[in-house]
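Working notes for the structure below.
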Amino acid sequence: MLRGKIIFVNRVFWPSEAATAQLLTDLALALGARGWDVHVIASGTTPAAGVPPEITIHRTGAEPAGRVGRYSHFLLAARRQLAALVSPGDIVVLKTDPPLLAVAATRLARARGAHVVQWIQDIYPEVVWRHLGIWAAPLLWPLQLARNAAWRASDACVVLSDDMLAAVRAAGVPRERSLISNNWAPRELETPATAAQIATVRAEWQVGDGFVVAYSGNFGRVHEMDTLLATALQLRDEPSIHFVLSGSGARWPEVADFVARHALTNVRLLPPQPRARLAATLAAADAHFVTLRPGFERCVFPSKLAGIFAAGRTVIFVGAPDSQCATLARHAGRAFAPGDAAEIARTIRDWRADPGEIARLHSAARAEFTGGFAFGTRLAEWERLLGSLVGRA
């Protein structure tokens, strides 16, 4: 017997390995396997083979070139798909790719008698005007008002941190409909990498038994990369300390240019690592950078923190010292203000010289994962939320 019908809407989904696609795939498949009637509206076309049998996927077709074209195409096509699919009593879960999906779909879903849950991964348009400056706020104010109205019209808004919760509450969403549910670590990280797998990766990186500091994932505009690069520059003459940076994003060319200009032979640049290798590549490092430009903590939360905890590795956070991410980082590492490269370099030297302290921090990181970032915990939270909406008028 089906437990209820859920319609997820997000631009990216399986087989994409984008972060929001991975999270949605994990949750949708698990709910489908547990008896929910799960539908996903996503862009693109479904591959001919390997379609997950637990769910039904509704594709909006091939996307045009350009970000504006992709977003516009998806918003219009997703509305048509949703209008044809939604029925009274259904639960519609809207993610935030593309931005302002809530504005495009909430009223339609509510008019059809459906429940609406906002699964908020990042908060727009605030991200935009923090990039452009406060002068852009009046231009984006109408979009913010429409977005706030969509949030308030929803049954629940699920965010990733205390900082993001404050933004949702400031928009007028009642506390009882504002929920925190951290993103979980990729499922492949639930089982730690073996010593042999770690050794293989470290051999590929040619780091020997040196101390490895890594950054893995998105090099986005919200990430504070200058302090990381300055730290690598300060440690360039330390042959036993290595930096491995892997990923892609808007700031990747800037990072690559800095490494080339300064001839940083202690830095290795790698493309994004496939999800199947993530357990080994994360565990092959001794410590990982997590960065966030101050002022953006109410808009986004660096979900890579969950993967680092799952891999059982030390955290070096660079960002606002009073943010929730900084607080969590201190449980298994240290938090630093932007520009504090000298202190970070001293800390890395101290860790390299104290294997016992690093082992303690690694254990603390894995404990953080099992205590709050495991998928089973988050799945139970989502089922409680969705179950509370089934049958509600």
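The values are calculated or read from the model by the stated rules, or taken from the named source; none is laboratory data. As the structure is a computational prediction, the values presented were derived from the model and not from experiment. Neighbour counts are summed over all protein chains in view; Cβ atoms, including those assigned to glycine, are modelled from backbone coordinates with ideal geometry. Each accessible area value is taken on the protein alone, full model and side chains, heavy atoms only, with ligands, DNA and RNA left out. Shrake-Rupley method; radii C 1.70, N 1.55, O 1.52, S 1.80 Å.
Need the full-extension length gain, residue 132 to residue 390, defined as separation in residues times 0.36 nm minus the C-alpha distance. One decimal, nm.
On the way: separation 258, 0.36 × 258 = 92.88 nm, distance 4.21 nm.
Using 0.36 nm per residue and subtracting the Cα-Cα distance, I get 88.7 nm.
Taking the longest Cα principal axis of the chain as reference, the axis of helix 67-85 is set at about 40 degrees.
Rolling a 1.4 Å probe over the protein heavy atoms gives the stretch 218-372 an accessible area of 38 Å² per residue. Compared with the dominant Cα axis of the chain, that is its longest principal axis, helix 375-389 is turned about 20°.
On full extension of the chain, what length is gained from residue 353 through residue 209, given 0.36 nm per residue of separation minus the C-alpha to C-alpha distance?
Numbers: separation 144, 0.36 × 144 = 51.84 nm, distance 1.26 nm.
Length difference between fully extended and current span is 50.6 nm.
Using the alpha-carbon atoms, what tilt in degrees (0 to 90, nearest 10) does helix 341-352 show relative to the longest principal axis of the chain? Helix 341-352 sits at roughly 70 degrees to that axis. Net charge in the neighbourhood of residue 9 (other residues with Cβ under 13 Å of its Cβ; Lys, Arg +1, Asp, Glu -1) is +3.
What you get for the chain, charging only the Cβ of Lys and Arg (+1) and of Asp and Glu (-1), is a dipole of about 1220 debye around the Cα centre. Ranked by the mean number of other Cβ atoms within 10 Å per residue, highest first, peptides 18-28, 222-232, 334-344, 192-202 order as 222-232, 18-28, 334-344, 192-202. Heavy atoms only, probe 1.4 Å: what % of the accessible area of the stretch 1-79 goes to carbon and sulfur, would you let me know? Carbon with sulfur: 58 percent of the solvent-accessible area.
3J(HN,Hα) couplings calculated from phi for the stretch 7-20 with the Karplus curve 6.51 cos²θ - 1.76 cosθ + 1.60 (θ = phi - 60°) are, in sequence order, 10, 8, 10, 7, 5, 10, 7, 2, x, 4, 9, 4, 4, 5 Hz; Gly and Pro show x.
Quick check on packing: order 63-70, 367-374 by the mean number of other C-beta atoms within 10 Å, highest mean leading.
Values: 63-70: 11.4, 367-374: 17.1.
Ranking the peptides 63-70, 367-374 by packing returns 367-374, 63-70.
The Kirkwood hydrodynamic radius of the stretch 288-378, based on inverse pair distances between different Cα atoms, is 13.3 Å.
Starting from the Kirkwood radius over alpha-carbon pairs of the stretch 1-103, derive D by Stokes-Einstein at 37 °C in a medium of 0.692 mPa s and give it in µm² s⁻¹.
Numbers: Rh = 13.8 Å.
The calculation lands on 237 µm²/s.
Across the stretch 301-308, coupling constants 3J(HN,Hα) worked out from phi with the 6.51/-1.76/1.60 Karplus curve, θ = phi - 60°, read 9, x, 6, 4, 4, 4, x, 5 Hz, and Gly and Pro carry x. On the beta carbon distance between residue 181 and residue 261, with R0 = 45 Å, the FRET formula returns roughly 0.60. Separation of the stretch 37-94 and the stretch 305-358, taken as the distance between their Cα centroids, equals 39 angstrom. Grab the beta carbon distance between residue 275 and residue 56, set R0 = 22 Å, and tell me the FRET efficiency rounded to 0.05. Working from the Cβ atoms, E equals 0.40.
Using the Cα coordinates of the stretch 122-231, the gyration tensor eigenvalues translate into equivalent-ellipsoid semi-axes of 39, 21, 10 Å, sorted from longest to shortest.
For the listed peptides 270-283, 352-365, a ranking on the average number of other beta carbons within 10 Å per residue, highest first, reads 270-283, 352-365. The convex hull drawn around the Cα atoms of the chain, when projected onto a plane and averaged over every direction, covers 19.6 nm².
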